[in-house]
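The values are calculated or read from the model by the stated rules, or taken from the named source; none is laboratory data. Since the structure is predicted, the reported quantities are computational estimates derived from the model, not experimental observations. Using ideal geometry, Cβ is built from the backbone for each residue, glycine included, and neighbour counts are taken over all protein chains shown.
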Amino acid sequence: MSAKKLLMGNEAFAHAALEAGVRVVAGYPGTPSSELIETIAKLHAEGKAHGVHVEWSTNEKAALELLAGASYAGARCLFTCKQVGLNVASDALMSLNYVGIKGGLVLFVADDPGPISSQTEQDTRRFAAFAKVPVLDPSTPEEGFAMTKAAFELSERFHTPVIVRPTTRINHASTFFEVSDETSARKIPEEGFERNPKWVIFPKRAFEAHGEINDRLQQMATLFSEEEPYVGFNAIKTRVNTYAVLHTEVDSENKTGARSDTGTGASGIQPALGIVAGGISAAYAHEALRLIQKRLQKNATVKPSESNLATSTNNASQLPPYKFLQIGTPYPFPEKLVASFVEGLTDVLVLEELDYILEDELFKLCGKRGISLRIHGKLDGSVKDRGENTVDSILTSLAKFIGLDEALVAPSVAGSSALDASHLPVRPPVLCPGCPHRGSFYAVKKALGKTPAVLCGDIGCYTLGNAMPLDAVDTCLCMGAGITMAQGFSVAEPQKKTVAFVGDSTFFASGLPGVVNAVYNGHNITLCVLDNATTAMTGSQPHPGTGQTLMGPQNKPVSIEAVLKACGVECVVHANPLNFAEAKQAAQTALDYQGVSAILFESPCIQLKKPDAPVRVDSAKCTGCKRCITEIGCPALVFNPSAGKRGQAGVDPSLCNGCGLCTQLCTFDALVVNKGGEGASHV
Amino acid sequence: MFNVLLAGVGGQGTVLAAKVLAQAAQSKGWKVRTAETIGMAQRGGTVLSHVRMGNQGEEVYSPLISAGEAQLIIAFEPAEAARAFSYAAPGATVITAKSSVQPVTAALSGGSYSAETVLAELKTAVEEMQGTLLVVEDESLCAQMKTRKVLNTLLLAYATANSALPLSLEELKEALAACVKPAFVDMNIAAVDLVAE
């Protein structure tokens with residue numbers, strides 16, 4: 001052990017898995033999950049994670065299937081992806097749960113409420129229930145650390161894959177952790193993989209296995225109600241008569257999960273209100289309750305509100321008694337524990353993000369046991385039905401639930417009326433200055449001219465090609481969909497050109513079957529592979545086209561051109577997207593071709609390249625026509641209205657990295673590449 | 001609880017600044033949590049880093065700061081200072097770099113936003129809630145340091161030197177030394193000294 005380190009949630013979970021002896025780690029990048037594998041790769045490269053194999057697989061399905069094999073041999077395995085990545089791996093997961101595993105197999109699936117960087121707000125807890133796989137849901141990075149370790153034990157004990165599902169605010173929150181300096185992967189058991197009919201799924205075996213799954217889910221539900229460490233993830237806190245002692249935070253805390261001791265305060269008022277929270281909403285709720293208390297104290301002199309529950313005590317300046325249950329094991333639902341929690345309660349408020357999983361489970365519980373309880377949450381509008389919760393949104397829901405005057409607990413944002421934020425400049429995400437994708441989109445747009453066309457986009461930085469002025473992405477659905485969707489357009493509207501833009505990593509992840517489909521069925525599409533030699537959006541991860549591996553060795557890159565040709569694509573052209581004339585010519589050739597054609601736009605991601613000197617504006621030549629700005633929308637190009645006769649273009653030297661695309665568009669040669677010049681801001 | 005909100009534009013260095021503050025808080029034995037903007041929003045968008053310190057020994061639950069609860073806002077850009085203002089607690093200190101980063105949308109629409117106007121509005125708003133607005137001459141300071149890469153350290157030093165953080169300059173330097181790459185320690189310490197002078 002060393003001194004405590006500041007770790008981001010995802011870094012901490014990597015340490016937890018290594019400390020649990022994980023041997024094989026595989027996944028596909030996706031925000032907010034990517035840093036976990038990167039951390040393991042870094043620790044491996046530093047020689048601190050002994051015996052581990054870590055890789056970025058081609059896609060999530062490949063990763064999970066690889067891990068299934070390693071697990072059957074007895075290795076502890078970790079899979080990582082973002083929520084939509086589990087869709088890709090779902091074929092493997094559904095069957096794998098029936099077949100079972102040997103070495104502990106944990107799926108780390110990061111959900112993204114908001115969504116902040118995703119195309120859906122799907123809830124992996126719901127997916128877990130659909131797949132009949134247990135899921136753990138941390139409310140803090142520390143809990144996620146403990147859950148990751150516990151998940152391996154649970155997996156091996158019940159021969160089941162186990163999902164750990166943090167959300168963005170846990171993945172990307174940091175706090176201090178004490179972690180082992182070095183770790184060793186648990187050894188593969190001597191017998192290794194043992195042949196057995198159970199590894200081969202057949203309908204008859206599936207029927208038997210389904211029964212085993214149902215049995216083990218029941219056993220796990222009991223475990224989550226009774227046994228450490230699992231029951232500790234479902235902490236009950238009870239606040240009884242707090243009217244006497246204003247400053248008491250929480251009167252009793254019951255972490256054993258046994259029936260909570262509701263204790264008796266001086267006047268022994270038993271709580272009628274319950275709060276049930278999952279994930280980060282539990283942390284927000286603790287914070288909101290503290291804020292409510294603070295603000296009530298501050299406003300204690302203010303006339304008490306006329307609200308229902310609080311006035312029953314004639315004192316609206318204090319919180320009424322309540323019971324608080326955090327559920328860290330949403331599926332299988334810890335029914336026994338929750339049944340004892342709701343005893344004596346009249347109302348429960350459920351706080352969770354994404355779907356209403358806990359709320360559904362409470363309804364089931366009450367129906368099953370004939371419990372009379374009013375359940376408030378997403379379904380009755382007490383809590384927002386989508387997007388992220390915040391301390392503020394939860395505070396509002398809690399205040400209403402408790403019956404407090406909202407004005408008494410609202411944040412005091414003095415002076416906010418004086419500041420109107422609506423006229424502040426908006427900053428939508430844009431392609432970086434010097435991003436080669438800008439040139440690719442521009443060249444294709446120019447080559448198309450006025451030809452009617454549908455431009456299919458895909459998942460990656462290049463989705464940003466839809467922004468003005470490029471305006472070059474008409475669709476974006478899911479990984480690899482652009483290639484196949486283009487074929488649908490070409491069938492439905494053959495009079496239009498159909499173009500599919502795909503990134504290099506996405507091409508390998510799920511673009512290939514679409515290419516084969518196009519060749520096989522003879523579709524007329526032009527495929528533009530935006531090859532920037534990395535998986536850029538998620539933070540520059542390598543992929544098959546780079547040949548770089550996380551284990552160290554540089555393997556032979558898988559050539560996109562060779563793959564396309566092997567698939568039967570006959571028209572394949574190359575271009576440097578930052579050379580406008582060359583790129584436009586290549587686009588023209590490919591677009592004129594009848595059948596499947598492909599343009600490989602090849603230029604490395606600007607994040608991986610040493611910047612060149614910034615472009616210079618020749619003030620003697622710039623007429624202020626703004627063509628450079630309105631054609632390509634580079635963030636480094638600004639307009640300086642006070643320069644020249646009618647204003648002039650300017651280059652922000654702290655942003656420009658000298659890609660030179662703009663210099664090729666200027667009608668007056670007023671933009672000049674600064675060959676050999678010094679970029680003052682690039683140190 | 002001491003809440004610091006760092007507001008900027010992707011790539012300006014808020015993440016490292018948050019790390020440095022977390023390190024300093026940890027050294028004082030406080031509980032601390034930070035949260036970052038990572039992902040698509042980083043590409044030229046608004047980024048916020050939240051730092052929450054339990055400076056009275058209390059537990060920190062949420063990694064995110066609530067509306068009206070930040071005692072200190074450190075903005076790397078005037079418009080981002082104004083945008084983050086709803087986080088400010090009554091009496092908070094707002095520190096902002098003076099020079100603006102114009103969004104690409106401003107160049108397209110032909111009009112840049114006026115940092116002077118935004119700063120004037122911000123001044124009125126801060127005064128109304130009995131707070132303090134400190135505008136940092138970042139251009140001249142960065143010019144003296146010969147790099148804009150120390151902007152984050154300059155702003156942290158400015159906050160510390162003006163007693164807007166529960167830290168001493170020495171504590172800030174120690175945290176910097178623990179957080180930045182060894183090759184850049186001297187440069188960052190020099191940036192603190194420049195502000196402290």
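When we screen A:Asp392, A:Asp380 for residues that are crowded, with 18+ Cβ neighbours inside 10 Å and of a type in the set (D, E, K, R), the only hit is A:Asp392.
The set of residues from the range A:610-622 being among the basic types (Lys, Arg) and surrounded by 16 or more Cβ atoms within 10 Å (Cβ to Cβ) comprises just one member, A:Arg616. When residues in the range A:410-436 are screened for being at pLDDT 90 or above and either surrounded by fewer than 24 Cβ atoms within 10 Å (Cβ to Cβ) or away from every other protein chain (no Cβ under 14 Å) (or both), 1 of them pass. When each of A:Ala636, A:Ala643, A:Ala649 is tested for being touching a residue at least 12 places away in the same chain (Cβ under 8 Å), within 14 Å of another protein chain (Cβ to nearest Cβ), of a type outside the set (Val, Ile, Thr) and surrounded by fewer than 16 Cβ atoms within 10 Å (Cβ to Cβ), the lone residue that passes is A:Ala643. Is at least one residue of the range B:5-16 surrounded by 23 or more Cβ atoms within 10 Å (Cβ to Cβ) and within 9 Å of chain A (Cβ to nearest Cβ)? The answer is no, given that none of the residues of the range B:5-16 is surrounded by 23 or more Cβ atoms within 10 Å (Cβ to Cβ) and within 9 Å of chain A (Cβ to nearest Cβ). Considering the range A:572-609, and only residues there that are more than 24 Å from A:Asn524 (Cβ to Cβ) and among the polar types (S, T, N, Q), the residue that is surrounded by the most Cβ atoms within 10 Å (Cβ to Cβ) turns out to be A:Ser603.
Scanning the range A:125-156 for residues that are of a type in the set (Ser, Thr, Tyr) and either touching a Leu at 6+ places or on another chain (Cβ under 6 Å) or not assigned by TED's automatic domain parsing to the domain that holds A:Ser33 (or both) turns up just one, A:Ser155. When A:Ala598, A:Ala613, A:Ala586 are checked against the criterion of being more than 14 Å from chain B (Cβ to nearest Cβ), assigned to a helix (DSSP H, G or I) and touching a residue at least 60 places away in the same chain (Cβ under 8 Å), A:Ala586 stands alone in meeting it.
Being of a type outside the set (A, V, I, L, M), surrounded by fewer than 20 Cβ atoms within 10 Å (Cβ to Cβ) and either under 23 Å from the mean Cα position of the chain (by Cα) or not assigned by TED's automatic domain parsing to the domain that holds A:Arg165 (or both) is a property that A:Thr58 has. Filtered by the rule that a residue be surrounded by fewer than 17 Cβ atoms within 10 Å (Cβ to Cβ) and among the charged types (D, E, K, R), the range A:162-185 gives A:Glu178, A:Asp181, A:Glu182.
Mind telling me which of the residues B:Ala79, B:Ala88 ends up being buried (at least 23 other Cβ atoms within 10 Å of the Cβ) and out of contact with any Pro (no Cβ under 7 Å at 6 or more places or on another chain)?
Of the residues listed, the single one that is buried (at least 23 other Cβ atoms within 10 Å of the Cβ) and out of contact with any Pro (no Cβ under 7 Å at 6 or more places or on another chain) is B:Ala88.
If you take the residues in the range B:146-166 that are away from chain A (no Cβ under 14 Å) and not in a helix (DSSP H, G or I), which one is surrounded by the most Cβ atoms within 10 Å (Cβ to Cβ)? The extreme case among them is B:Leu165.
Taken over the range A:629-666, the criterion of being in contact with a helix residue (DSSP H, G or I) (Cβ under 8 Å, 6 or more places away or on another chain) and of a type in the set (Gly, Ala, Ser) is satisfied by A:Gly633, A:Ala649, A:Ser654. All but one of (1) touching a residue at least 24 places away in the same chain (Cβ under 8 Å); (2) under 24 Å from B:Gly44 (Cβ atoms); (3) surrounded by 20 or more Cβ atoms within 10 Å (Cβ to Cβ); (4) in contact with a Pro (Cβ under 9 Å, 6 or more places away or on another chain) hold for B:Val135; which doesn't? Checking B:Val135 against (1) touching a residue at least 24 places away in the same chain (Cβ under 8 Å); (2) under 24 Å from B:Gly44 (Cβ atoms); (3) surrounded by 20 or more Cβ atoms within 10 Å (Cβ to Cβ); (4) in contact with a Pro (Cβ under 9 Å, 6 or more places away or on another chain), the one that fails is (3). Between A:Ser95, A:Ser118, A:Ser139, which is surrounded by fewer than 24 Cβ atoms within 10 Å (Cβ to Cβ), within 14 Å of another protein chain (Cβ to nearest Cβ) and not aromatic (Phe, Trp, Tyr)? One residue alone meets the criteria, A:Ser118.
Note down all Cβ pairs under 9 Å where the first residue falls in the range B:51-62 and is away from chain A (no Cβ under 11 Å) and touching a residue at least 24 places away in the same chain (Cβ under 8 Å), the second is outside any strand (DSSP E or B) and hydroxyl-bearing (Ser, Thr, Tyr), and they're at least six residues apart or on different chains. Going by the 9 Å Cβ cut-off, there are no qualifying pairs.
Of all residue pairs spaced 6 or more apart or on separate chains, none has beta-carbon atoms under 8 Å together with a first member in the range B:109-124 that is more than 9 Å from chain A (Cβ to nearest Cβ) and a second member that is exposed (fewer than 13 other Cβ atoms within 10 Å of the Cβ) and modelled with pLDDT of 95 or more. In this structure, does B:Val101 turn out to be under 14 Å from B:Ala75 (Cα atoms), modelled with pLDDT under 95, surrounded by 19 or more Cβ atoms within 10 Å (Cβ to Cβ) and not basic (Lys, Arg)? Taking the combined requirement at face value, the residue satisfies it.
Hey, among the residues in the range A:142-195 that are of a type in the set (Asp, Glu) and over 17 Å from A:Val106 (Cβ atoms), which one's nearest to the other protein chains (Cβ to nearest Cβ)? Residue satisfying both the conditions and the ranking: A:Glu142.
On the given criteria, is A:Gly257 surrounded by fewer than 16 Cβ atoms within 10 Å (Cβ to Cβ), in contact with a Ser or Thr (Cβ under 9 Å, 6 or more places away or on another chain), assigned to a loop (DSSP other than H, G, I, E, B) and modelled with pLDDT under 55? No. Of the strands (runs of 3 or more DSSP E) lying entirely inside the range A:437-553, those containing at least 2 residues that are at pLDDT 95 or above, under 30 Å from A:Glu35 (Cα atoms) and under 29 Å from the mean Cα position of the chain (by Cα) are A:497-503, A:526-531.
Inspect the range A:202-222 for any residue being at negative phi, within 14 Å of chain B (Cβ to nearest Cβ), in contact with a strand residue (DSSP E or B) (Cβ under 9 Å, 6 or more places away or on another chain) and at pLDDT 95 or above and give the result as yes or no. No; the residues of the range A:202-222 include none that is at negative phi, within 14 Å of chain B (Cβ to nearest Cβ), in contact with a strand residue (DSSP E or B) (Cβ under 9 Å, 6 or more places away or on another chain) and at pLDDT 95 or above. Can you pull out every residue in the range A:547-574 that is out of contact with any Lys or Arg (no Cβ under 8 Å at 6 or more places or on another chain) and of a type in the set (Val, Ile, Thr)? Answer for the range A:547-574, where residues must be out of contact with any Lys or Arg (no Cβ under 8 Å at 6 or more places or on another chain) and of a type in the set (Val, Ile, Thr): A:Thr549, A:Val558, A:Ile560, A:Val563, A:Val569, A:Val573.
With respect to the conditions (1) within 26 Å of the chain's Cα centre (by Cα); (2) part of a loop (DSSP other than H, G, I, E, B); (3) not acidic (Asp, Glu), A:Pro425 lacks only one, and its number is (1).
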